[in-house]
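Presented below is the structure to which this report refers.
Bear in mind that the values in this text are calculations on the coordinates, not laboratory data. Fair warning: this is a prediction, and the values are worked out from it, not measured in the lab. A quick note on method: Cβ atoms are made from the backbone with ideal geometry, for glycine too, and the neighbour counts reach across all protein chains shown.
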């Protein structure tokens, strides 16, 4: 993959997990990186320090992306700091699991607001900057549960499926302007949460994955970096499952 020197990328939810790995990878590829966090500055500052130590231009930005106003302010702050914006990675997300019969209204709303509406608010505001870029990119982080469903996650599944629909709509609206909009759908990715699962549960999931292993945050970051790159200029409106073959059409 060629270096993308001189381009600016905003990765939401990039103080940990997939977002942190993506921010780090984009930095090594020559991007200027805006590291976003919701409330805890410490982890985001660590990411920025690591990027700067590697010679990358990076800055941390706080925002509650469930708020339309905060999204507008975030995009403006990033564009002002770096002189524009070329890539938006909508990665921020939360879960509030529970069976539909018992799911509270607040648990439904909070997940939809953070995981889906935020991507729309950010994309809407970022478009004026992305359309000025020679290779504007939006990459939405969905999930394989959007393709197959998952019990106990009606809110999360609905939000992640909505991201795929949003991806296709924006791809059709702005494809003729040189902007591409794509999604990645991570499968079962190694994390603190998966490490805590009982061994029999882990084995059951592994049996569903032809690759025979769980994915890593690095696997997903590489897929995002590809879709964000100039090399992916003719890939538009697509959802790339990064799941070891767990879900196939």
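If you run the Gaussian network model on the chain, springs between alpha carbon atoms under 10 Å, then out of 60, 196, 169 the most flexible one is 196.
Could you tell me which of rounded, prolate or oblate describes segment 117-157, using a ≥ b ≥ c as the square roots of the eigenvalues of the alpha-carbon gyration tensor, with rounded for a/c under 1.5 and, failing that, prolate when a/b is larger than b/c and oblate otherwise?
Values: a/c = 7.05, a/b = 2.54, b/c = 2.78.
Cα axes put segment 117-157 in the oblate bin.
Compared with the alpha-carbon gap, the fully stretched path from residue 131 to residue 53 is longer by 25.0 nm at 0.36 nm per residue. Taking other C-beta atoms within 10 angstrom as a stand-in for reagent exposure, 157, 87, 247 fall in the order 247, 157, 87, fewest first. A straight chain from residue 104 to residue 218 at 0.36 nm per residue would run longer than the Cα-Cα distance by 37.6 nm.
Prolate is the label for segment 159-229. Its Cα gyration tensor axes, ordered a ≥ b ≥ c, give a/c of at least 1.5 and a/b above b/c. Here r is the Cβ-Cβ distance between residue 196 and residue 226 and R0 is 35 Å; the resulting FRET efficiency, rounded to 0.05, is 0.70. Here the residues 71, 56, ranked from fewest to most Cβ neighbours within 10 Å of their Cβ, fall in the order 56, 71.
Computed from Cα positions, the angle between helix 154-174 and the longest principal axis of the chain comes to roughly 40 degrees. The mean sequence distance of close C-alpha pairs (under 8 Å, at least 6 residues apart), as a share of the length of segment 52-127, puts its relative contact order at 40 percent.
Between residue 211 and residue 235, the modelled labels are 1.4 nm apart [label points 7 Å from Cα along Cα→Cβ].
In the chain, the longest principal axis of the Cα atoms and the axis of helix 41-53 are about 60 degrees apart.
Tilt of helix 118-130 relative to the longest C-alpha principal axis of the chain, in degrees (0 to 90, nearest 10)? Around 20 degrees separate the two axes.
Of the residues 18, 209, 164, the one that moves most in a GNM of the chain with alpha-carbon contacts below 10 Å is 209. From least to most packed, judged by other beta carbons within 10 angstrom and beginning with the fewest, 109, 20 follow the order 109, 20. Placing a pseudo-label 7 Å from each Cα along the Cα-to-Cβ vector at residue 45 and residue 67 gives an inter-label distance of 2.1 nm. When both segment 204-237 and segment 29-72 are represented by their alpha-carbon centers, they are found 23 Å apart. Sequence gap at least 6, Cα distance under 8 Å: using those rules, report the relative contact order of segment 99-249 to the nearest whole percent. It comes to 28 percent, rounded to a whole number.
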